[in-house]
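Read the structure below first, then the notes.
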Amino acid sequence: MKNSTWTYARKISQSFCLAVFLWLFLQTEYRGIDQLPYPVSLLFRIDPLAALADFLAPGPFGWQVLWPALLILLGTVLFGRFFCGWICPLGSTLDGLGKVIGRGRRAFSPGWRRVKYYLLIGMATATLFGVQLLGLFDPLAIFLRSLTLAVYPAYNYGLNRVFDFFYEHDVPLLSASAKNSYPFFRDNLMAFHQPIFSLGLFTLVIFLTILLLEKVEHRFWCKNLCPLGGLLGLCSRYAILQRTPQKLCADCKACDSLCRSGAVRSSGHMRSECLLCMDCTGFCPEERVRFGLRTGSDNYVSVDLQRRGVLTAMASGVMLAPVVRIGPVTHEQNPYLIRPPGAVAESEFLQRCVRCAECMKVCIGRTLQPALLQAGPVGLWTPLVVPRIGYCEYNCTLCGQVCPTGAIAPLKLPEKKKNVIGLAVIKKDRCLPFAKGVECLVCEEHCPTGEKAIVMEEKEVLINGEMRRLKFPKIIDKLCIGCGICETKCPVEGASAVRIINEGESRRKRSELLAGPYG
Amino acid sequence: MTRIDRRTFIRQSIRTALATSAVGCLPALDLLALPALAADSPPLAVRKGKNVKQLVQETIGALGGIEQFVKSGEVVVVKPNIGWDRTVELAANTHPEVVTTLVELCLDAGAKQVRIFDRTCNDERRCYTQSGIRSAVEGLKSDRVSLEYMDRRAYKELAIKGGKAFDRWEFYMPVIEADRLINVPIAKHHSISKLTLGMKNLMGVIGGNRGRLHHQIAESLADIASVIHPDLTVIDATRILVANGPQGGRTEDVRNTETLIASPDMVAADAYATTLFGFKPEDVSTVVAAAQRGLGVMDLKKVRMV
């Protein structure tokens, strides 16, 4: 297949954008500066679906963060789905890996194309009624989530094992060069701490499924399932960029089989389906294909969405909201449902979070973990604070800095230090001084609040028939912010003897902390 | 050249592997874990002063200069307390200038390499930066000095001969293998060991679940001290933390004592430091446990003040 200059330009753009996104991904890490120096969540600032979620959530639209997404929409209105062909990192990955995976050329029923529109319409309607699931199917969220939760941790694990091997075994030449290059890798190309995530495998399976759909049909995901593709397709209805010839040529019809999105029909050009990959400008045997500004008659062919299908999708979206709402209150069901500092109230949080996993990528303490069902059925992949894995670093505000949709508000450090995300509770049946009669103060030692929220109280206790003085930890509720370092560092093996529950969190309208004589 | 068949090759390979692993099993490393014998009347230098750099120079000078401890061409580990994500004025970490002045002295004495590290409690990147130690060390602009993140692979489990709380623990091998170790704690309040001083600072060069040490803090720290023997202990009491230690976080809990304590005997240095908080050496169980094991002198009358 012959490539035209346009095709080369498109490929360069894809490679460049992918490289930029991967570089920003690597920069989504603390490197000694409290304020991240780069707009690391750029991928979601240009994401129209993230903008849609933010727009439909309560409160004003986040212009300051999300204006680039509107530029993308404007560009699409003018030129069509250039984003899909030239920028989208998932699309580029599919194009790049398609050859490796092997490509199917099965002709699928054109009805499949409607799925992405129905998905978009259904989810947008549900969002309007307060249940936001856009992030589950947002290709950019899928891309970054898979990278954060599965691919990057696995890559780090593999590299670490290689370096470890050459560290432990003295292989001539190789060991020395591994030793010399390790600091460079650690500081630039690897995570400082091995990332650990609970949903790694699950996320990877979904990512691989999308990749494997290439075996069915080139860009199966983009053509049939991607709701962002659907949104951009709807916007490109009146685009001024026009392909000539608009229809399949009677004498050739090569486009019918060669066009990756099957956008050229004998009745006209399906602009909403064309990914502007520009391949046809190269493969046309007669070199007839041109893209230019629209002139003359417009033989636009739209995907027939069918009124019945659209209504069904909308009805499903409308139905979803009350069905989700009749579920029990999640924070009462799960006292360990703890959100990052700055997170807005739970119902708004679920409306805003697009499950992009940026916060989990940037979290220093590795405390942010993707939820499976802990936050209810619609909380999949939303960030949870899981203090037994890691804790929320007292002087860190990174998660709020990267969140693109305001689900986690960007807090200034003094505010962050006062933001209560939970409350530590001592389990007296596990805690060593209470349960075993031995000294321990690890929780008190690590408690980061200036006036400690955990204090040691000396009491006389009867141990084996003998009165002894022993120090016991006590939580001062009004000082505890729930950072969870006590739970992380508790030396008891297995379940921690001090656990964070979500009582008294700042984001709830009324604090339910009961003040008593114990503090 | 003799050709060997496959069978011989496999047999010889297995033999070699067995022989090698047998040699590797020899408890050669256990020999390191012998307790040091305390000198009879160790020298102890205590100086006061506002200028930190001068203070360090004077105190070390009183002990006869750094040359007493560091020889030309040696690898020196300087182990400050960088445990917490706290700024200098909060007195949770060793003062950066105490660290850099000591490093400069070592360099002047001809040290081949000076390595600085600590196993921190908060994220090490944050602690190294926030403590001011990173920028101070970078300011030295010497390629013989390195502020390093501890390498998770470099811990090894060693036997502790005569250990009372533990008979084995993981130690950071670069410390064991270095020619010299200079222990540079900051004097702070601590709820269980009362104070955290030189002995507690050595917790920053061991691996494992360190929380377990607190169940029997005195004997555990004495066990650790029986394996790791600093050549010099310099206690930073330029400012001390008198409450909410060891992490602090409030300037109200900080006292500017403008003091530096130095001795080749870690126990003697710790014993003297207790007096800054209004204690006697025998009030602090870690000091008592170490003295009883003969790891150092806690009786300040038996110490030679210089």
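The values are calculated or read from the model by the stated rules, or taken from the named source; none is laboratory data. The structure presented is a predicted model; accordingly, all values stated were derived computationally and were not measured. Here Cβ is always computed from backbone atoms with ideal geometry, including for glycine, and neighbour counts include all displayed protein chains.
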>> Please verify whether residue A:336 is within 14 Å of chain B (Cβ to nearest Cβ) and of a type in the set (Phe, Trp, Tyr), treating the condition exactly as stated.
In response: no
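Residue-by-condition table, conditions (1) modelled with pLDDT under 95; (2) of a type in the set (Gly, Ala, Ser); (3) touching a Lys or Arg at 6+ places or on another chain (Cβ under 8 Å):
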{"position": "B:40", "(1), (2), (3)": "yes, no, yes"}
{"position": "B:59", "(1), (2), (3)": "no, no, yes"}
{"position": "B:65", "(1), (2), (3)": "no, yes, no"}
{"position": "B:101", "(1), (2), (3)": "no, no, yes"}
>> Let me confirm something: among A:159, A:201, A:140, which residue is touching a residue at least 60 places away in the same chain (Cβ under 8 Å) and assigned to a helix (DSSP H, G or I)?
In response: A:140
>> Testing residue A:499 on (1) part of a strand (DSSP E or B); (2) touching a residue at least 40 places away in the same chain (Cβ under 8 Å); (3) facing chain B (nearest Cβ under 10 Å), one condition comes back false. Which one is that?
In response: (3)
> Mind checking which pairs have a first residue in the stretch A:95-106 that is over 19 Å from residue A:11 (Cα atoms) and a second that is among the polar types (S, T, N, Q) and surrounded by fewer than 16 Cβ atoms within 10 Å (Cβ to Cβ), Cβ under 9 Å, 6 or more apart or different chains?
Replying inline: A:105/A:257
> Of A:366, A:388, which residue is under 27 Å from residue A:143 (Cβ atoms), of a type outside the set (Ser, Thr, Tyr) and either part of a loop (DSSP other than H, G, I, E, B) or at pLDDT 95 or above (or both)?
Replying inline: A:366
> Would the stretch B:135-144 turn up any residue that is buried (at least 18 other Cβ atoms within 10 Å of the Cβ) and basic (Lys, Arg)?
Replying inline: no
> Do you know which of the residues in the stretch A:181-198 that are assigned to a loop (DSSP other than H, G, I, E, B) and among the aliphatic types (A, V, I, L, M) is farthest from residue A:164 (Cα to Cα)?
Replying inline: A:196
> Looking at the stretch A:198-225, which of its residues are closer than 17 Å to residue A:96 by Cβ and surrounded by fewer than 16 Cβ atoms within 10 Å (Cβ to Cβ)?
Replying inline: A:208, A:212, A:215
>> On the basis of being at the interface with another protein chain (Cβ under 10 Å from one of its Cβ atoms) and surrounded by 19 or more Cβ atoms within 10 Å (Cβ to Cβ), does residue B:128 make the cut?
In response: yes
>> Return the residues of the stretch B:45-59 that are buried (at least 21 other Cβ atoms within 10 Å of the Cβ) and part of a helix (DSSP H, G or I); say none if nothing qualifies.
In response: B:55, B:56, B:59
> Which helices (runs of 4 or more DSSP H) does the stretch B:146-242 wholly contain that include 1 or more residues that are away from chain A (no Cβ under 14 Å) and of a type in the set (Gly, Ala, Ser)?
Replying inline: B:198-201, B:217-225
>> If I filter the stretch A:396-406 down to residues being among the hydrophobic types (A, V, I, L, M, F, W, C) and more than 10 Å from every other protein chain (Cβ to nearest Cβ), which single residue comes out as surrounded by the most Cβ atoms within 10 Å (Cβ to Cβ)?
In response: A:399
> For the subset of the stretch A:456-485 comprising residues that are within 10 Å of chain B (Cβ to nearest Cβ) and buried (at least 19 other Cβ atoms within 10 Å of the Cβ), which member is farthest from residue A:338 (Cα to Cα)?
Replying inline: A:456
> Could we say that residue A:452 is without any contact (Cβ under 8 Å) to a residue 24 or more places away in the chain and either over 30 Å from residue A:324 (Cα atoms) or of a type in the set (A, V, I, L, M) (or both) here?
Replying inline: no
> residue A:209 is checked against (1) closer than 30 Å to residue A:145 by Cβ; (2) in a helix (DSSP H, G or I); (3) touching a residue at least 40 places away in the same chain (Cβ under 8 Å) and fails just one. What number does that condition carry?
Replying inline: (3)
>> Residues to consider are A:424, A:409; find the one that is under 28 Å from residue A:368 (Cβ atoms), in contact with a helix residue (DSSP H, G or I) (Cβ under 8 Å, 6 or more places away or on another chain), touching a residue at least 40 places away in the same chain (Cβ under 8 Å) and crowded, with 24+ Cβ neighbours inside 10 Å.
In response: A:424
> Considering the stretch A:174-195 alone, what residues qualify as being more than 14 Å from chain B (Cβ to nearest Cβ) and aliphatic (A, V, I, L, M)?
Replying inline: A:174, A:176, A:189
> Has the stretch A:460-476 got at least one residue that is assigned to a helix (DSSP H, G or I) and hydrophobic (A, V, I, L, M, F, W, C)?
Replying inline: no
> Is it the case that residue A:33 is within 14 Å of another protein chain (Cβ to nearest Cβ) and among the β-branched types (Val, Ile, Thr)?
Replying inline: yes
> Which of the residues spanning the stretch A:154-197 are modelled with pLDDT under 90 and buried (at least 16 other Cβ atoms within 10 Å of the Cβ)?
Replying inline: A:186
>> Given the criteria more than 14 Å from residue B:236 (Cβ to Cβ), in contact (Cβ under 8 Å) with a residue 40 or more places away in the chain and away from chain A (no Cβ under 12 Å), does residue B:109 qualify?
In response: yes
>> Taking the conditions exactly as written (under 27 Å from residue B:173 (Cα atoms) and among the hydrophobic types (A, V, I, L, M, F, W, C)), does residue B:111 satisfy them or not?
In response: yes
>> Out of the residues in the stretch A:434-455 meeting the condition of being part of a loop (DSSP other than H, G, I, E, B) and touching a strand residue (DSSP E or B) at 6+ places or on another chain (Cβ under 6 Å), tell me which one is nearest to the other protein chains (Cβ to nearest Cβ).
In response: A:441
>> If the requirement is being away from chain B (no Cβ under 14 Å), in a loop (DSSP other than H, G, I, E, B), surrounded by 15 or more Cβ atoms within 10 Å (Cβ to Cβ) and not acidic (Asp, Glu), which of these qualifies: A:25, A:61, A:21, A:55?
In response: A:61
>> Any residue at all in the stretch B:250-272 that's within 14 Å of chain A (Cβ to nearest Cβ), buried (at least 24 other Cβ atoms within 10 Å of the Cβ), over 15 Å from residue B:184 (Cα atoms) and touching a residue at least 40 places away in the same chain (Cβ under 8 Å)?
In response: no
